[in-house]
Each structure stands twice: as structure tokens, then as C-alpha cells.
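Q: Before I ask anything, here is the structure I am working with.
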Amino acid sequence: MKYNYITFILCFYCLTNFAQDKATNSQNEVDASNPTNLYTQVNTQFEYTSLKDGTNLYGFRGNIQYTFNPNNLILAEIPILHNDATSAFGLGDVRLRYFAVVKREMTAEKFNVIAPFLDITLPTGKFEDGLGTSSFVLSAGSVYGFALSKKILMFPGLSVVHVTEPSTDLIPDEFKFSSTGFLVQANVSISFNERWFLFVNPILTYLNTDGEWNDNWSGEFNLNHMIIPNKLKANIGYFPNFTNEATTIRLGATFFL
């Protein structure tokens, strides 16, 4: 474990220097307060999750985003987690995402953005160890962006969601069901100044499972600070799931490449 920490510190240091070098050579100003501004970046986050049954998950979540051009982005998110109830440590469910901007009007008179996306979560985490769900989660939808004021932007989104049957043997076949429904979000970006901004995102997921509709209410509160303009951003996030009575806290940094 000692060597893992040393390796992480060295990687963190190298990524910081690499991000600074790349940003120094770049003429593009990074405005991360607008989530439809797409940048190649590396996100590193430490997280803690508290579940209703008393189980706690600790870990690290790495997020790599690559832009082919200003309007197309792919994302890979890899969580490494520890479950204190099972004493298991390992890979969680990996997420892949494609995000595109098909319309972008950002002038002094008008702000109008349309961005469709595809989102897939893979059951790579081991369900038996409490590190994964054993289900694929497939989602496709779009985000629409508009300005409420110069400092407040809103990005409501609607997507169709499908969750496959769990594959684990720990759940009897008669209790295994797939779910299909939709997700509605209303992500709001609030800029306090050039370096501080906040994302507030209430989320409703409404799924039909075995003929019964169930709603799930959750939210995201993410405070961001641009430490080095165009280079390095820090963030702290609070992610409650009100329906399942679970809470996640994340502390991380973003390196713009």
C-alpha cells in the first residue's frame, strides 16, 4: 500500500506539471463554469459514501476526458473503492460517455446550446464485495443550455434510461428484473467571479421495474475554484440520494491539458 501512495504522488506531480506546460502553450481560455465547454482534462477525486445500512465506501475516482474538437468529447471514469463492511478493495463500475454539441450560440445577446449524449455504466465492480451493481446502465438524451443572467446558466436535460437485469448469483432469478424509464435534471451553474462557481443539480430518475413505476430523487452540489487559470481547478462535491438515504462527498482536482 505504501508503494501505491508513492506512485500516486509521483503521478499527481507529473500530471500537474504536464497540465501547466500544456496550458502555458495554449491560447484558449478555460471557462469550466459552462459544462458544454469541452476540454481535454484529467480529473482526480477522493470520495466517501455513506449508505443507509451503515456501510461506508472510500476510494479514488479517476476521470479522463478527451476532446476531438470543441464539439465532441469522450469520457472514461474509473473508480477504485474500499467497502468497510466486506473489507473488499478493488474496481467499481466503470462509466463511459460520449458528449456532442450540435448547436452553440454564445454571444452577448444570446446563449443557446444543445448537446446530446450517450452514457454507459459497465458492471465491472464485484457485486459480492459491495463494489458494483452487476447491471449495465444505458442512457441517451440531450442537454439544453440557456442563460438566466450573466452569472447564472441553466442546463436542463432529459434522457431515456435502461438498467439490465442483475447478473449476480446472489439474487434469485425470480427477483431479477430490468428497468426502463427516464431521467430529468436541471443543472444550474452559478458564477461568483472568474475563479469561483457552483453547480446545483436536482435529479429525478423514474423507472418501470416489473410493471411498477418508482421514482428516485438525488442531487449534486459541486463548488469549484480555479486555482491556476486555464490550468488547474479544485472542487468539493456533495451528492445526496434522498430516496435511498445515501450520501457521497468528493474532493478533487482537475488538470486541463
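The values are calculated or read from the model by the stated rules, or taken from the named source; none is laboratory data. Not measured: the values here are computed from a predicted model. Neighbour counts are summed over all protein chains in view; Cβ atoms, including those assigned to glycine, are modelled from backbone coordinates with ideal geometry. Quick note on the areas: whole protein, heavy atoms, side chains included, nothing else; ligands and nucleic acids left out. Shrake-Rupley method; radii C 1.70, N 1.55, O 1.52, S 1.80 Å.
Q: Taking θ as phi - 60°, what are the ³J(HN,Hα) couplings along segment 163-179 by the Karplus curve (6.51, -1.76, 1.60), each to the nearest whole Hz, with x for Gly and Pro?
A: Here the 3J(HN,Hα) series is 10, 6, 4, x, 9, 5, 7, 6, 9, x, 4, 6, 10, 9, 9, 8, 9 Hz.
Q: Using the Karplus curve 6.51 cos²θ - 1.76 cosθ + 1.60 with θ = phi - 60°, what ³J(HN,Hα) values do you get for each residue of segment 191-208, in whole Hz, with x for Gly and Pro?
A: 9, 8, 6, 5, 10, 10, 8, 10, 9, 10, 9, x, 9, 10, 10, 10, 10, 9
Q: Next up: Can you tell me, using C-alpha contacts under 8 Å and at least 6 residues apart, the relative contact order of segment 31-256 as a whole percent?
A: Values: 624 pairs, mean separation 35.2, N = 226.
16 percent.
Q: With +1 on each Lys and Arg Cβ and -1 on each Asp and Glu Cβ, how big is the dipole of segment 137-257 about its Cα centre, in debye rounded to the nearest 20?
A: Dipole magnitude for segment 137-257 comes out near 1120 debye.
Q: Then there is this: Using r as the Cβ-Cβ distance of Leu251 and Glu29, and R0 as 30 Å, what FRET efficiency do you calculate, to the nearest 0.05?
A: My answer for the efficiency is 0.70.
Q: Please find the FRET efficiency linking Trp213 to Ile114, where r is the Cβ-Cβ separation and R0 is fixed at 41 Å, and quote it to the nearest 0.05.
A: With R0 = 41 Å, the Cβ-Cβ based efficiency is 0.90.
Q: Could you give the size of the charge dipole of the chain about its Cα centre, using +1 on the Cβ of each K and R and -1 on the Cβ of each D and E, expressed in debye and rounded to the nearest 20?
A: I would put it at about 1200 debye.
Q: Arrange the residues Arg104, Arg195 by how much accessible surface each exposes, largest first, with a 1.4 angstrom probe.
A: Descending order: Arg195, Arg104.
Q: Just to make sure I understand: if all protein chains stay in place, what is the order of Met106, Met154 by accessible area at 1.4 Å, largest first? Before the final figure, lay out the partial values.
A: Details: Met106 80, Met154 45 Å².
Ranking Met106, Met154 by accessible area, largest first, yields Met106, Met154.
Q: Please work out the Cα center distance from segment 31-96 to segment 146-172, rounded to the nearest Å.
A: Taking the Cα centre of each part, segment 31-96 and segment 146-172 sit 15 Å apart.
Q: Take Ile171 and Thr107, extend 7 Å from each Cα along the Cα→Cβ direction, and tell me the distance between the two endpoints in nm.
A: Calculated label separation equals 5.1 nm.
Q: I would also like to ask the following. What does the accessible area of Ile171 come to, in Å² to the nearest 10, when a probe of 1.4 Å is used?
A: About 40 Å², ignoring ligands and nucleic acids.
Q: Determine how many Å³ per residue the convex hull of the Cα atoms of segment 31-256 encloses. Intermediate results must be reported in sequence, preceding the final value.
A: Working: hull volume 27.1 nm³, N = 226.
Dividing the Cα hull volume of segment 31-256 by its residues yields 120 Å³.
Q: Could I ask something else about it? Considering the options Pro202, Gly252, Pro166, tell which one lies farthest towards the positive end of the dipole of segment 31-256, charges being +1 on Lys and Arg and -1 on Asp and Glu at the Cβ, about the Cα centre.
A: Selected residue: Gly252.
Q: Same structure, new question: If you count only protein heavy atoms and use a 1.4 Å probe, how large is the accessible surface of Asp53, to the nearest 10 Å²?
A: Accessible area of Asp53: about 120 Å².
Q: What do you reckon, how do Tyr206, Tyr39, Tyr238 stack up by accessible area (1.4 Å probe), largest on top?
A: From most exposed to least exposed: Tyr238, Tyr206, Tyr39.
Q: Could you sort 82-89, 44-51 so that the peptide with the highest average Cβ count within 10 Å comes first and the rest follow in order? Walk me through the intermediate numbers first.
A: On the way: 82-89: 14.5, 44-51: 16.4.
So the peptides 82-89, 44-51, ranked by packing, come out 44-51, 82-89.
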